Every structure is written in structure tokens, then in C-alpha cells.
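The structure under discussion is supplied below as C-alpha cells; questions concerning it will follow.
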Amino acid sequence: METLGIENPVSNGEPSRGIKELTLLFEISKRLGESLDLGSVLKPILQLMAEHMEMVRGTLTVLNRKTGEIVIEEAYGLEPEEKAKGKYRVGEGITGKVIDTGKPAIVPRIAEEPLFLDRTGSRKSQNKEDIAFICVPIKVGNEVIGALSADRLFSQSVSLDEDVRLLTIIAATISQAARLRQLAEEELDKMRKENQRLQDELQSRYRPQSIVGNSHPMREVYGLIQQVCRTNTTVLILGESGVGKERVAHAIHYDSNRAARPFVKINCAALPETLIESELFGHERGAFTGAAMGRKGRFEQADKGTIFLDEIGDLPPSIQTKLLRVLQEKEIERLGGNCTIKVDVRIITATNRDLESLLREGKLREDLYYRLNVFPIVVPPLRERKTDIMLLANHFIEKYAKEQDKRISRVTPHATDMLMNYHWPGNVRELENCIERAVVLSTDGVIHSYHLPPNLQESTVVPIKEGALGVMVDGLEKEIIVEALKRSRGNMAKAARDLGITERVMGLRVAKFEINPRQFK
């Protein structure tokens with residue numbers, strides 16, 4: 001009777017090779033039936049192979065199709081550091097060649113094979129003359145996705161061809177699980193690269209050099225950021241609303257040793273007192289009505305990173321005590337809990353309020369104030385950094401022109417004067433909103449004075465006296481005519497057509513305002 005290559009069931013009272021193989025394959029199938037997660041079943045499978053095949057070492061390698069790198073997914077008989085060294089390219093070494101050709105390879109003695117790299121370094125302590133190496137491809141259809149290999153002691157009585165046959169069957173059995181692992185690894189690699197790209201983008205976007213401004217007051221701010229960013233010192237950022245305190249906090253974090261860790265921000269004035277404790281410190285299940293499950297607070301989320309507490313002057317007194325504990329002891333307790341949780345968090349705070357006044361009024365704890373005010377940075381208002389106004393304006397023009405898919409070439413002199421003479425109570429935030437509006441309104445690639453908000457128009461009005469309105473109207477009319485002549489390169493007829501007036505009226509206006517059209521040619 002033909003036994004399909006399986007040896008007699010019993011020989012000298014010992015199970016035959018065929019019985020051992022069937023037992024091994026059954027155990028492997030059983031493991032895979034429990035889970036297709038190769039990460040959880042592969043180590044037991046390699047252990048089973050070692051027991052049944054007298055395998056000294058075994059590895060399963062997976063090919064990353066995007067990077068072309070072959071890595072050891074799991075191993076038997078290798079130390080973690082040896083496993084980490086097992087990286088190959090397609091066609092490199094025995095394993096790379098098997099994955100490249102899709103054909104199994106047998107090396108009776110690895111000492112005699114120049115292609116055998118021993119990149120893991122695991123065979124150095126053993127006589128290589130006694131080691132045989134077998135490697136077979138793992139395939140899904142005709143595609144090779146990895147390789148399965150085994151080391152065993154060489155013996156004339158051992159049939160390495162039979163080992164190849166058995167490994168090939170095992171490779172086919174685990175191929176679908178290996179495919180899932182391959183896809184998972186490729187997706188994980190993609191996520192790692194995307195995460196790194198985002199981290200690089202954040203660090204580039206929020207580094208101190210990206211804060212627009214070259215005035216003397218801002219250079220002083222940059223110097224303070226540079227001094228404190230590499231420390232764990234608590235920073236207090238002071239300044240009026242809209243000056244860019246959050247951007248300074250970003251710059252400190254993303255130029256620090258914690259840059260790869262979380263940056264968590266919270267506005268203390270935006271949350272009611274009943275919720276801010278839970279937001280900051282988290283809560284346990286059942287801590288209050290609706291708390292169906294426990295939740296980490298912002299301090300736990302920011303562990304090993306930075307937390308930015310904006311509008312710290314609005315923090316309720318009941319929370320100030322708990323914040324002081326975090327600053328002093330580096331520990332918190334969740335709302336409704338009694339377990340102490342250690343946190344390693346760098347704290348940056350900001351406010352537009354006068355903290356010393358709050359201190360005198362009893363609205364701010366004195367000990368908390370001194371803990372927060374370790375390293376203050378005062379961000380100057382825009383009216384005190386006039387030389388930065390047009391730098392910021394041009395920055396925002398570029399930003400919003402790109403968003404609106406427009407090309408803005410310049411700002412008219414009259415509009416520049418308006419921007420420079422305005423007192424900017426809303427600081428940089430107000431300037432940004434003003435420029436966004438002007439970019440939306442512009443139709444000719446130029447920011448004109450009439451594109452700016454009415455409050456800027458009013459700021460340039462001189463004390464009302466007889467004829468003041470006429471002067472303002474004449475100034476605006478002259479600006480429009482000059483812009484039309486610039487676009488037409490001094491051609492008065494074309495400029496008149498663009499403005500919808502006659503050439504005679506254009507001539508009269510040019511004469512009235514003493515404009516020389518030739519200067520625009």
C-alpha cells in the first residue's frame with residue numbers, strides 16, 4: 001500500500017518520522033485555529049518545531065514590501081539583541097536569496113557557504129562545521145512574503161531534504177497568518193513615518209525662529225525662550241490677549257527635550273468650575289452623575305511631556321490647591337479616587353491678567369503665585385513692536401492668499417500707513433483677522449486701504465475740522481487712480497476704461513492730483 005511518503009507507523013517502539021510530522025502539523029493547525037494573530041502563536045509554533053525537529057534555532061522573517069527590508073518577526077534560540085540584528089535586503093544572504101527567488105535553500109555546513117552571513121551573530125559560540133541551515137519561502141499564491149528557517153546539527157543520518165519538505169508544509173500552513181502580520185507591520189511602519197513627519201512639522205512650525213518678529217522686544221523674548229526651553233523650569237507667560245502667548249509655549253515645548261512627547265493645552269477660563277477638576281486630574285467611575293467609566297485627566301495625558309494652562313488667572317481657588325500639589329509633589333489624585341498617581345509634566349502657564357492684583361484681592365494663593373512665577377516671560381503688545389507690523393502683515397497675506405488661491409503682490413502705501421498708525425488693541429490676533437478680510441476682498445492682487453476694516457479707517461482720521469472729509473475723499477480717489485495707472489503702465493486711456501470713467505475725467509483727476517503718468521511706464 002502506498003503511504004504517500006510517510007514511513008511505517010512504528011519502528012523499534014518509537015513513533016516514526018511520519019507520525020511525528022503529522023503530530024507537529026496537527027499541533028500547529030490547532031494553534032492557528034485558536035488565533036490568526038501571528039504575534040501570539042508564532043513563538044509556541046517555533047517551540048513545537050524545535051521539539052519535533054531537533055531544531056537548534058529557528059526564525060520567521062517577513063518582507064516589508066514598501067521598504068524592501070526583511071526583518072525577523074519571531075525567533076527560537078536567539079537573544080533579543082541577536083534577533084534585532086537580523087535585518088536583510090532582498091537577495092542578500094541565504095534568507096534574502098530565498099525570498100528573492102522563491103526557492104528553498106539547504107546549507108549542509110554553514111562554515112563552507114560564503115553566502116551565509118550570520119548577521120545575528122548567534123553561531124559564533126558554536127562550531128559552524130556542525131550546523132546545517134535550511135530556509136524555505138513563505139508564499140501567498142505566487143508572491144513571496146517571508147521565509148521560515150531552521151538550524152540543526154548536521155548528521156549523515158539526517159535527511160535535510162525531508163526537513164525542507166516539512167518546513168515547506170509548515171510555511172504554507174502559516175502563510176495567511178504571516179500575510180496578516182506583514183500587512184500589520186507595513187501599516188505600523190506607515191504610521192511611524194507619518195507620526196515622525198507630523199512631529200517634524202510641529203517642531204518646524206513652532207520653533208522660536210518661526211515666530212514672526214524682529215523687533216528688539218521680541219529678540220529679548222527669543223533669548224528667554226532659548227535659556228529656558230532645555231530645562232524643566234515652570235514658565236509663566238504674561239501679555240495682553242492676542243499677543244501670541246500660546247505660540248511662545250509651543251516654541252518652548254518643541255525646542256525642549258520633551259518635544260517628542262505630548263503637548264497638552266487647556267483654557268482654564270473656558271470650562272466651568274464643576275468640570276475643570278475632572279478635565280485636569282481625571283475621574284473614577286461613579287465619581288459624579290454621568291461618570292459611567294473612569295477617565296484620564298490632562299495631566300496624565302501630558303505625562304513625560306508639557307501641559308499649557310492658559311488663562312491661569314481664572315483658575316478657581318479650589319483647584320489652585322491641587323495644582324500646587326502637582327507643582328510641589330509631582331502627583332495627582334483623580335476625582336472620586338484615593339490613589340496617588342505620579343506624573344512627570346513640565347508646566348507652562350499664561351495669563352493676560354495682573355496676578356499681583358489677584359494676589360492682593362485674595363483670589364490667587366500666594367504660595368501658588370510664587371511657584372508659577374519662577375521664570376516669567378512678558379510678550380510685548382503689538383503697539384510696542386511697530387517694526388514687526390508689516391512683517392506680520394506680509395506673513396498673514398502669504399498664508400491667506402494661499403488658502404484663498406489668490407496672488408497678492410503688494411500693499412498700497414495708504415493701506416501700509418493705516419496698518420502702521422493703528423494702535424492694535426487686539427494685537428497680533430486682530431491683525432491676522434484684518435489681513436484675512438483684506439485678502440478675501442481684494443480682486444486685483446493688491447491690498448488697498450478700503451479693504452481694511454472700518455475701525456482702521458477711523459484711526460487715521462485727523463481731528464474734525466472744516467474740509468477734513470474732502471481731504472480724506474481726495475486721498476482715497478488719488479490712491480485708486482494711481483493704482484489704475486500702475487496696472488496700465490501709465491496708459492491713461494486704459495486706466496480710464498478700467499475705472500469706468502471717460503478719458504477727459506481721467507485727465508482732470510491726473511491734473512488735480514499732480515500725477516505724472518510717465519513714471520509708471
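Rule-based calculations on the coordinates, nothing more; no lab input. Computed from a prediction, not measured in an experiment: that's the story for all the values here. Glycine also receives a Cβ, built like all others from the backbone with ideal geometry; neighbour counts cover every protein chain displayed.
Would you mind pulling out the separation of the Cα centroids of the stretch 477-498 and the stretch 49-67, in Å?
Here the two parts' Cα centres lie 79 Å apart.
Under the 0.36 nm per residue contour assumption, what length would be gained going from the current alpha-carbon distance of Gln227 and Val473 to full extension?
Values: separation 246, 0.36 × 246 = 88.56 nm, distance 5.16 nm.
Result for the pair: 83.4 nm of gain on full extension.
Between the alpha-carbon centers of the stretch 329-347 and the stretch 85-116, tell me the distance in whole angstrom.
The distance from the Cα centre of the stretch 329-347 to that of the stretch 85-116 comes to 53 Å.
Roughly speaking, what is the centre-to-centre gap between the stretch 409-435 and the stretch 383-397 when only Cα atoms are used, to the nearest Å?
Here the two parts' Cα centres lie 8 Å apart.
For the chain, what is the mean residue ellipticity at 222 nm derived from helices alone (per DSSP H run of n ≥ 4: -39500 (n - 2.57); sum divided by total residues; nearest 500 deg cm²/dmol)?
On the way: 20 runs with 240 residues, N = 521.
Calculated mean residue ellipticity at 222 nm is -14500 deg cm²/dmol.
Next question. How much length would be gained if the chain were fully extended between Gln457 and Thr443, taking 0.36 nm per residue of separation minus their Cα-Cα distance, in nm to one decimal? Write down the numbers at each step before the final one.
Details: separation 14, 0.36 × 14 = 5.04 nm, distance 1.97 nm.
Difference between extended and current length: 3.1 nm.
Students often forget the sequence filter, so: which aspartates and glutamates lie under 20 Å Cα-Cα from Lys521 once same-chain residues fewer than 8 apart are removed?
Here the aspartates and glutamates satisfying the reach criterion relative to Lys521 are Asp444, Glu479, Glu483, Asp498, Glu503.
Still on this structure, I have one more. Write out the chymotrypsin sites (Phe, Trp or Tyr not before Pro) in the stretch 238-333 meeting two conditions: DSSP loop, and at most 13 other Cβ atoms within 10 Å of their Cβ.
Numbers: sites: Tyr254, Phe263, Phe281, Phe288, Phe299, Phe308; in loops: Phe288.
Of the chymotrypsin sites (Phe, Trp or Tyr not before Pro), the ones in loops of the stretch 238-333 whose Cβ has at most 13 other Cβ atoms within 10 Å are Phe288.
With θ taken as phi - 60° and the coefficients 6.51, -1.76 and 1.60, list the Karplus ³J(HN,Hα) couplings across the stretch 412-428 in order, rounded to whole Hz; mark glycine and proline as x.
Those phi angles translate into 5, x, 5, 5, 4, 4, 5, 5, 6, 8, 6, 8, 6, x, x, 6, 5 Hz.
Here's something else I'd like to know. Could you put Cys135, Cys434, Cys339 in order, starting from the residue whose Cβ has the fewest other Cβ atoms within 10 Å? Mind showing how you got there, number by number?
Details: Cys135 26, Cys434 22, Cys339 8.
Listed from fewest to most nearby Cβ atoms, that is Cys339, Cys434, Cys135.
Same structure, new question: Which GluC sites (Glu not before Pro) from the stretch 326-419 combine a DSSP loop assignment with at most 10 other Cβ atoms within 10 Å?
Working: sites: Glu329, Glu331, Glu333, Glu356, Glu361, Glu366, Glu384, Glu398, Glu403; in loops: Glu361.
Loop-located and lightly packed - Glu361.
Where both residues lie in the chain, what percent of DSSP beta bridges are antiparallel, nearest 5?
Details: 35 of 55 bridges.
DSSP beta bridges in the chain are roughly 65 percent antiparallel.
Once the convex hull of the alpha carbons of the chain is built, what does its volume come to per residue, in cubic angstrom?
Details: hull volume 153.8 nm³, N = 521.
So the per-residue Cα hull volume is 295 Å³.
Amide H to amide H, which residues 5 or more places from Lys265 or on other chains are under 5 Å from it, using H placed in the peptide plane?
Amide H neighbours of Lys265: Phe308.
Projected area of the stretch 241-298, taken from the Cα convex hull and averaged over every viewing direction, in nm²? Kindly include the intermediate steps, with their values, before the conclusion.
Details: hull surface 21.0 nm².
The Cα convex hull of the stretch 241-298, projected and averaged over all directions, gives 5.3 nm².
Can you list residues whose amide H is under 5 Å from Val378's amide H, if they're 5+ apart or on another chain and H is modeled 1.01 Å from N?
Leu238
Can you list, bin by bin at 5 Å, the percent of alpha carbon pairs in the stretch 208-380, starting at 0?
Spelled out bin by bin, the stretch 208-380 gives 1, 8, 17, 21, 20, 15, 9, 5, 2, 1, 0 percent.
Let me ask something additional. When a/c is below 1.5 the answer is rounded, else prolate if a/b is larger than b/c, else oblate, so apply that to the stretch 213-281 with a ≥ b ≥ c taken from the square roots of the Cα gyration tensor eigenvalues.
Values: a/c = 2.80, a/b = 1.51, b/c = 1.86.
Cα axes put the stretch 213-281 in the oblate bin.
Could you go through the stretch 384-396 in sequence order and give the Karplus-derived ³J(HN,Hα) for each residue, using 6.51 cos²θ - 1.76 cosθ + 1.60 with θ = phi - 60°, rounded to whole Hz, and x for Gly and Pro?
9, 9, 4, 5, 8, 4, 6, 4, 5, 4, 5, 4, 6
Could you tell me which trypsin sites (Lys or Arg not before Pro) in the stretch 249-285 are loop residues by DSSP with no more than 13 other beta carbons within 10 angstrom of their beta carbon? Working shown, then result.
Working: sites: Arg258, Lys265, Arg285; in loops: Arg258, Arg285.
Listed in order of number, the matching sites are Arg285.
Now for a different question. Apply 1/(1 + (r/R0)^6) to the Cβ-Cβ distance of Arg504 and Arg410, taking R0 = 30 Å, and write down the FRET efficiency to the nearest 0.05.
Working: r = 30 Å, r/R0 = 0.99.
Rounded to the nearest 0.05, the efficiency is 0.50.
Amide H of Val56 versus every other amide H placed in the peptide plane: which residues, excluding those fewer than 5 positions away on the same chain, fall under 5 Å?
Asp151, Arg152, Leu153
Among Lys406/Lys494; Lys296/Lys399; Lys193/Lys265; Lys85/Lys190; Lys402/Lys478; Lys87/Lys190, which pairs are too far apart, with a Cα-Cα distance over 27 Å?
Numbers: Lys406/Lys494 24 Å; Lys296/Lys399 36 Å; Lys193/Lys265 25 Å; Lys85/Lys190 21 Å; Lys402/Lys478 30 Å; Lys87/Lys190 18 Å.
Where the Cα-Cα span goes over 27 Å, the pairs concerned are Lys296/Lys399; Lys402/Lys478.
Which ³J(HN,Hα) values in Hz, rounded to whole numbers, follow from the phi angles of the stretch 224-234 under the Karplus curve 6.51 cos²θ - 1.76 cosθ + 1.60, where θ = phi - 60° and Gly and Pro get x?
Per residue, the Karplus-derived 3J(HN,Hα) values read 5, 4, 4, 5, 9, 4, 8, 9, 9, 5, 6 Hz.
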